[in-house]
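*Asks:* One structure is given below, represented as structure tokens, and several questions about it will come after.
The values are calculated or read from the model by the stated rules, or taken from the named source; none is laboratory data. Small disclaimer: the values here were computed from a predicted structure and weren't measured. Heads up, the Cβs are rebuilt from the backbone with ideal geometry, glycines too, and the neighbour counts pull from every protein chain shown. Side chains included, ligands, DNA and RNA excluded: accessible areas come from the protein's heavy atoms. Shrake-Rupley method; radii C 1.70, N 1.55, O 1.52, S 1.80 Å.
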Amino acid sequence: MWCRRLACLFKVPCRLSGSTRHHSAWLPRDRRTILAAAARWHHTAPESLKCAWQLHGDHLELRYANTLMRFDFVWLRDHCRSASCYNAKTNQRSLDTASVDLGIKPKAVRVDETTLFLTWPDGHVTRYGLEWLVKNSYEGQKQQVMHPRILWNAEIYRQAQVPSVDCRSFLETDEGLKEFLQNFLLYGIAFVENVTPTKEDTEILAERVSLIRETIYGRMWYFTSDFSRGDTAYTKLALDRHTDTTYFQEPCGIQVFHCLKHEGTGGRTLLVDGFYAAEQVLRQAPDQFELLSKVPLKHEYVENVGDCHNHMIGVGPVLNVYPWNNELYLIRYNNYDRAVINTVPYDVVHRWYAAHRTLTAELRRPENELWVKLKPGKALFVDNWRVLHGREAFTGYRQLCGCYLTRDDVLNTARLLGLQA
């Protein structure tokens, strides 16, 4: 839906008010040549249909690998990878984008079986590999998935029999770390077994994949039911499914849980794939999915307990999608911390409540609930941008430790091991 809307926004009419032919007399000779060439497709070879191209007034149209692409001339000049325009050692642009003439047009175009060649008015030549253009074009990106995932409910996850990774393999081998990260990227949760049940060993575990993100809760935290913080989590009460730190402008990316001790009953951890639930909403009620992805809400954390004084506000929709391919990348769902809804006009808010109810019903379906009993030695990593967590009420003394990780660093570690992230 987003892609169709963007296409409408940026679509250039084929005809303005009749033929453009009568406008060409006042154009420079090379400009008229370009317009004349636009009437037909050019092929890499007379019999080849693998690649063909046309020049238009302000863009190049290229058909390659079953993809029809359109490239603005300024874009083609700006992304030049020649030595004078791009530093291959630092992978940074050297060209000053603001210096490119917004009316620039290529003086000559040539395409062979693998490469597009553009000669600009000043004689500079830009070369693009056709495969690179498919990968980096808007049309190519619409067909790509940024982060491959396996959406799951409880039965799908159990059937997958996703293995936990042994702590020693996780800490000491790239193979163990890569297996862990692959599980995490695909499912949004991953477990490490045989961890020494101390805060210090849990910290070492977390630092294997990321920098630890220090927040208002500190760096590494102990989690008990002493109500030492102004949060329902610091009680023995049940917690409904939610994502954490929705009141941050950028919610924490990954959360680590490690149960160090529990002398009592209950306290199972609830996990729900928020993306799976959102996908059901998209299929059943696409208009409601769109509403949840557009309406901005405030989430708020107000705390005045002991020496802790905080007032945090985060703003954003419940569902966050990449606009070019409608891929969901973040769910911000926490009914405890949602602030007063004062960012939505009256004629939209009722429809928003209906959409929120539809999503909540999916999140609360019993078949979507994965219940896990955390125990000493078993650490859990949760993608806080995707998987909601909660817990059942418990009795006795229960102590957890954990931390938040910076999402960028986790994904960086995965990419360095050759994973798509």
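*Asks:* Please determine whether any residue of segment 272-288 is among the charged types (D, E, K, R), open to solvent by less than 10 Å² (accessible area, probe 1.4 Å) and at pLDDT below 95.
*Replies:* No, every residue in segment 272-288 fails to be among the charged types (D, E, K, R), open to solvent by less than 10 Å² (accessible area, probe 1.4 Å) and at pLDDT below 95.
*Asks:* Then there's this: Given the condition over 30 Å from M69 (Cβ atoms), in contact with an Asp or Glu (Cβ under 8 Å, 6 or more places away or on another chain), at pLDDT 95 or above and among the β-branched types (V, I, T), answer yes or no: does some residue in segment 165-179 qualify?
*Replies:* Yes - at least one qualifying residue is present in segment 165-179.
*Asks:* A further question on this structure: For segment 60-79, what are the residues that are over 27 Å from the mean Cα position of the chain (by Cα) and in contact (Cβ under 8 Å) with a residue 24 or more places away in the chain?
*Replies:* Residues satisfying the conditions are L60, L62, Y64, F73, V74, R77.
*Asks:* Can you list the strands (runs of 3 or more DSSP E) lying wholly within segment 332-415 that have 2 or more residues being without any contact (Cβ under 8 Å) to a residue 12 or more places away in the chain, in contact with a Phe, Trp or Tyr (Cβ under 6 Å, 6 or more places away or on another chain) and open to solvent by 10 Å² or more (accessible area, probe 1.4 Å)?
*Replies:* Per the criteria, no element qualifies.
*Asks:* Additional query: From D101, D112, D166, which residue is of a type in the set (D, E, K, R), without any contact (Cβ under 8 Å) to a residue 40 or more places away in the chain and open to solvent by less than 70 Å² (accessible area, probe 1.4 Å)?
*Replies:* Of D101, D112, D166, the one residue that is of a type in the set (D, E, K, R), without any contact (Cβ under 8 Å) to a residue 40 or more places away in the chain and open to solvent by less than 70 Å² (accessible area, probe 1.4 Å) is D166.
*Asks:* Could you list, in sequence order, the residues of segment 71-98 that are within 20 Å of L60 (Cα to Cα) and open to solvent by 80 Å² or more (accessible area, probe 1.4 Å)?
*Replies:* R81
*Asks:* Tell me whether segment 198-211 contains one or more residues that are modelled with pLDDT of 95 or more, hydroxyl-bearing (S, T, Y), open to solvent by less than 40 Å² (accessible area, probe 1.4 Å) and under 24 Å from V165 (Cα atoms).
*Replies:* The answer is yes, given that some residue of segment 198-211 is modelled with pLDDT of 95 or more, hydroxyl-bearing (S, T, Y), open to solvent by less than 40 Å² (accessible area, probe 1.4 Å) and under 24 Å from V165 (Cα atoms).
*Asks:* Pull up segment 123-156, narrow it to residues that are among the basic types (K, R) and in contact (Cβ under 8 Å) with a residue 12 or more places away in the chain, then point me to the one that is most open to solvent (accessible area, probe 1.4 Å).
*Replies:* It comes out as R127.
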